[in-house]
1. Residue by residue through the range 234-248, which ³J(HN,Hα) values in whole Hz follow from phi under the Karplus form 6.51 cos²θ - 1.76 cosθ + 1.60 (θ = phi - 60°), with glycine and proline marked x?
2. Sort 92-103, 195-206, 53-64, 227-238 for me by packing, meaning the mean count of neighbouring Cβ atoms within 10 Å per residue, highest on top.
3. Return the long-range amide H neighbours of Ser25 (sequence gap of 5 or more, or a different chain), with a cut-off of under 5 Å between placed amide H atoms.
4. Leaving out ligands, DNA and RNA, and with a 1.4 Å probe, what % of the accessible surface on the range 30-183 is carbon or sulfur?
5. What does the accessible area of Glu149 come to, in Å² to the nearest 10, when a probe of 1.4 Å is used?
6. Compute the FRET efficiency between Ser79 and Phe208 as 1/(1 + (r/R0)^6), taking r as their Cβ-Cβ distance and R0 = 30 Å, and round to the nearest 0.05.
7. Shape of the range 37-195 from its Cα gyration tensor (a ≥ b ≥ c, root eigenvalues): rounded if a/c is under 1.5, otherwise prolate when a/b > b/c, or oblate?
Amino acid sequence: MREQERKLRSAPHSGRVLGGIPKFSMAFQPIVNVASGSVYGYESLVRSESGDSAHSVLSRVPTEHFHTFDRACRSKAMSEAIRCGFLTTGSTRLCVNVNPNAAVNEASDLRRTCDEAAEMGFPLERLVLELVEDEEIWDLAKLKPIIDEYREYGVKVAMDDFGAGYSGLKLLSRLKPDLIKLDMALVHAMDEDRTSQVIVKAIVQACFELGIVTIAEGVERYDQAMRLRDMGVVYQQGYYFARPAFESLPAIQFELPELQIG
């Protein structure tokens, strides 16, 4: 690890975040292993300095500074997580969002993200780069070697909102992510839509055979959690476990009677 950090520090990168972006902070929401009742990791979520929604911040980011903002969010997520005590939470992971198109832009500079992690003392093996699959990826050939480079340092790669965007299957086959996060709309549709249930089962089975961890987002009820668990999705995130907590790591609160002992 020390050799990895030395290589990152010595590698060329663009400078630290410049002006032109609004001030902001972070909230965190846990990802839970429902088989053990433990926290697998936390997703970092953009908030205003007063805790308002991500939209209140994103709507004020000038287009010409979007890539710089993308990088600043990852830096802020790591530093705020450390301040909240993340480093004392065992082997939990921190998921930070990465826009795929921004990832190949010099201003976003994924190298700088890992460089800053080393400077902060943030363990790279506990960092997850979460690719936000909400727009078409124009330069997948350029993105893949960038992603592969950071895997060499222990960083994990996740695909967010899988099943909702333009390029899910292409990304799955070309990037071979370590994790995927099922889109919450797909999870919610399972309640009444058999087609959605079949699709989720197929995704889970494919990921199992490919060695990819599946995480369900938007879990709001006990029956949803149990149905997903029975389908093999033991990693789950949503209001059933905890709402996002502003500038803190929330405790999880849920009941799984079948798992209780004694």
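1. 8, 9, 9, 9, x, 5, 4, 9, 5, 7, x, 10, 6, 6, 7
2. Sorting 92-103, 195-206, 53-64, 227-238 by mean packing, highest first, produces 92-103, 227-238, 195-206, 53-64.
3. Amide H neighbours of Ser25, under 5 Å, 5+ apart: Arg47, Ser48, Glu49.
4. 50 percent
5. About 50 Å², rounded to the nearest 10.
6. Efficiency, rounded to the nearest 0.05: 0.25.
7. Note, shape of the range 37-195 comes out rounded.
The values are calculated or read from the model by the stated rules, or taken from the named source; none is laboratory data. All of these numbers come straight from a predicted model, not from anything done at the bench. Neighbour counts run over all protein chains shown; Cβ positions are idealised from the backbone, glycine included. Surface accessibility is based on the protein's heavy atoms, side chains included, excluding ligands, DNA and RNA. Shrake-Rupley method; radii C 1.70, N 1.55, O 1.52, S 1.80 Å.
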